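Structure record follows, encoded as structure tokens.
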Amino acid sequence: MKNFALIGAGGYIAPRHMKAIQDTGNKLVAALDKHDSVGIIDSYFPEADFFIEFERFDRHLDKLRRLNGGKAVDYVSICSPNYLHDAHIRYALRAGAHAICEKPLVLNPRNIDGLLEIEKETGNKINTILQLRLHPEIIKLKEKVRLANSDKKHDVRLTYITGRGNWYMTSWKGDVQRSGGIATNIGVHFFDMLHFIFGELQENVVHYASDSTSAGYLEYEHARVQWFLSIDDSYVPEEMKAEGKRTYRSITVDGDEIEFSGGFTDLHTTSYQEILKGNGFGVEENRVAISTVAGIRDANVIGRQPDSHPFVR
């Protein structure tokens, strides 16, 4: 059984990590969050020590490392705001643990090389949650593309709309300096999926970008992709809004819909299982997706309004 610590215990995604730690037969021994609304811990590891100050969390992990009896933390799971991932990964490795980090690994591709250096210095490993690479339907599609004509470029349309309330722009998620913006915060795992299936990125064009919506064109070795991402639920199809739904997800390849809505929750457990077997996704696997969202964020956008994007509404 491995000992885990978790940074960002109050975050939206933290419960999936707690469940994955539990499902794999391991133990959460310490958790950190500057906010104390973390009662969800009781559902998984009520005996875990909890800290709201980093300094006391650091001292506790150091104490566990110095004690005999196998109490040292083996892995630190990182669910903190995006802009802190880099620093928290570095801390985990220097504290003598491996890191498991939520997406995005970092905000800028230049930080990737620094993390590779820290891995070499410490001998500890950085693992990332790229859960869509483990989804059975995505694996099936990747194999289908591999077996197809190698010169073929598939026509892909990606639409992801997930309605968020007014709180979103007030939180760190609405601050591009801390979240990386819409494409990074809600889109990076889709862009990683596209690279995973269709090969190296060849072109990255942004048609529209605002605080709530972004759209553009990506070309990969084996695909031409039109994409649209938004947290504005006015773009959710009317028939879905009539049913009280605020999220719309669609990916089509050559006109055929790819259905992969089910199974998302369990993919964190699958990710942990692979990491514990030594098969986790490392730093380098993140480079293309991080470069993609950084390019989207840095683009000088002069283009059409989102309503004119070819697959909105």
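Only the coordinates and a few stated rules stand behind these numbers; no lab work does. What you see is a predicted model, and the numbers here were worked out from it, not measured in a lab. Every residue, glycine among them, receives a Cβ derived from its backbone with ideal geometry; neighbour counts consider all protein chains shown.
Round to the nearest 10 and give me the degree value, 0 to 90, for the angle of helix 267-276's Cα axis relative to the longest principal axis of the chain.
Approximately 50 degrees, to the nearest ten.
Which trypsin sites (Lys or Arg not before Pro) does region 24-99 hold that lie in a coil by DSSP with at most 15 other beta carbons within 10 Å?
Passing sites in region 24-99 are Lys34, Lys71.
Express the relative contact order of region 189-244 as a whole percentage, based on alpha carbon pairs under 8 Å and six or more residues apart in sequence.
25 percent
Using alpha carbons only, how many degrees (0 to 90, rounded to 10) separate the axis of helix 110-122 from the longest principal axis of the chain?
Long axis of 110-122 versus the principal axis of the chain: about 30 degrees.
What dipole magnitude, in Debye to the nearest 20, does the chain give about its Cα centre under +1 on Lys/Arg Cβ and -1 on Asp/Glu Cβ?
560 debye
Name the most mobile residue of Gly174, Gly282, Gly69, meaning the one with the largest mean-square fluctuation, in a Gaussian network model of the chain with Cα contacts below 10 Å.
Gly69
Give me the extension gain from Lys140 to Glu117: residue separation times 0.36 nm, minus the current Cα-Cα distance, reported in nm with one decimal.
4.8 nm
What is the dipole size for region 3-128, taken about its Cα centre, with +1 at each Lys and Arg Cβ and -1 at each Asp and Glu Cβ, in debye to the nearest 20?
Using only the charged Cβ atoms, the result is roughly 220 debye.
Given the pairs Lys120/Lys144; Lys19/Lys144; Lys19/Lys153; Lys19/Lys71; Lys71/Lys120, which span a C-alpha to C-alpha distance of over 30 angstrom in this model?
Going by Cα-Cα distance, Lys120/Lys144; Lys19/Lys144; Lys19/Lys153 fall outside the 30 Å limit.
Nearest 0.05, what FRET efficiency do Val176 and Asp42 give at R0 = 45 Å with Cβ-Cβ as r?
0.80
Between Gln202 and Glu274, what's the calculated FRET efficiency when r is the beta-carbon distance and R0 is 35 Å? Round to 0.05.
E(calc), rounded to 0.05, equals 0.75.
Give me the percent of DSSP beta bridges within the chain that run antiparallel, rounded to the nearest 5.
So the antiparallel bridges in the chain amount to around 50 percent.
Taking a cut-off of 18 Å between Cα atoms, list the lysines near Lys34, but don't count ones fewer than 8 places away on the same chain.
The reachable lysines, counting only those whose Cα sits under 18 Å from Lys34, are Lys173.
Using r as the Cβ-Cβ distance of Lys245 and Ile13, and R0 as 30 Å, what FRET efficiency do you calculate, to the nearest 0.05?
Approximately 0.90, to the nearest 0.05.
Express the relative contact order of the chain as a whole percentage, based on alpha carbon pairs under 8 Å and six or more residues apart in sequence.
Relative contact order, the chain: 19 percent.
Between helix 287-298 and the chain, what is the angle of the helix's C-alpha long axis to the longest principal axis, kept within 0 to 90° and rounded to the nearest 10?
60 degrees
Given Ala148, Leu130, Gly39, which one lies farthest toward the positive end of the charge dipole of the chain, if we put +1 on the Cβ of every Lys and Arg and -1 on the Cβ of every Asp and Glu?
In the chain, that residue is Gly39.
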